[in-house]
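Would you mind keeping the following structure in view while I ask a few things?
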Amino acid sequence: MQTTDTISLQALLDAATPFIKIEDAIREDWCRVMQKPTDPRIGPWKYIAEYQVLDQKTWDKPGEVVYFVTNSAGQLRLVGQSMSKLNVRWKKAPMYDVQSKRALGRKALFHTSSWPAIEAGLAGNESPPFIVSALFRERLEQLCRTLGGSIAQLISLPETHLQRLSFHVETWVCSQNFGLERLWNKHKVITR
């Protein structure tokens, strides 16, 4: 990663507001129940995150947002974005028994698109705590302009309904070289 890109990425991480702290991961089998029986979000899943809400107002805030998960050493493990709000991506999902599909009467923290990679990290050599933080559009745009370099160029990229500044920033972060510490993100095709 180039020095200016490293500085820009660190500036984004530093400016983001922490809203969840994943303190531990408990081993327990569970699944989700979805309308489409082949939906990959069903699972089965193997971990339940024990977490503390650091900022409920941020978690519930509507608006375009980019979010980050960092480990205890401050290293980035996941980047993502939402066009509408955080609690669409980071949700409390009802838990069901894997065999009977009976409701367990509890909810688990769940990330819509990256839970399999998060679980793989937890099953491997990754261990909590993890901090989940967010940066909303207004502040994100301001930082991109101020930081300059390759991240400032993202502001001039065309935006569509599904590919706004947060998408471009997520793509930029995923394009950086993280060496052996690959991000938990699903593989993202870089189209620039």
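Among the residues of segment 135-178 satisfying the criterion of being small (Gly, Ala, Ser) and modelled with pLDDT under 90, which is nearest to the chain's Cα centre (by Cα)?
Top of the filtered list is SER175.
Can you tell me which of (1) surrounded by fewer than 17 Cβ atoms within 10 Å (Cβ to Cβ); (2) on the phi < 0 side of the Ramachandran plot; (3) modelled with pLDDT of 90 or more; (4) not hydroxyl-bearing (Ser, Thr, Tyr) is the one GLY105 doesn't meet?
(2)
Would you tally the residues in segment 1-49 being touching a residue at least 60 places away in the same chain (Cβ under 8 Å), more than 27 Å from SER150 (Cβ to Cβ) and not small (Gly, Ala, Ser)?
17
How about segment 51-101: which of its residues are touching a helix residue (DSSP H, G or I) at 6+ places or on another chain (Cβ under 9 Å), in a helix (DSSP H, G or I) and either modelled with pLDDT under 95 or among the acidic types (Asp, Glu) (or both)?
Hits for segment 51-101 are ASP60, LEU86, ASN87.
Could you list, in sequence order, all residues of segment 147-159 that are free of Cβ contacts under 8 Å to residues at least 60 places away in the same chain and part of a helix (DSSP H, G or I)?
Matches in segment 147-159: ALA152, GLN153, LEU154, ILE155, SER156.
Looking at segment 107-146, which of the residues that are free of Cβ contacts under 8 Å to residues at least 40 places away in the same chain and assigned to a strand (DSSP E or B) is farthest from LEU9 (Cα to Cα)?
Going through the qualifying residues, I end up with LYS107.
The values are calculated or read from the model by the stated rules, or taken from the named source; none is laboratory data. What you see is a predicted model, and the numbers here were worked out from it, not measured in a lab. Don't worry about glycine lacking a Cβ; one is built from the backbone with ideal geometry, like all the others, and counts go over all protein chains shown.
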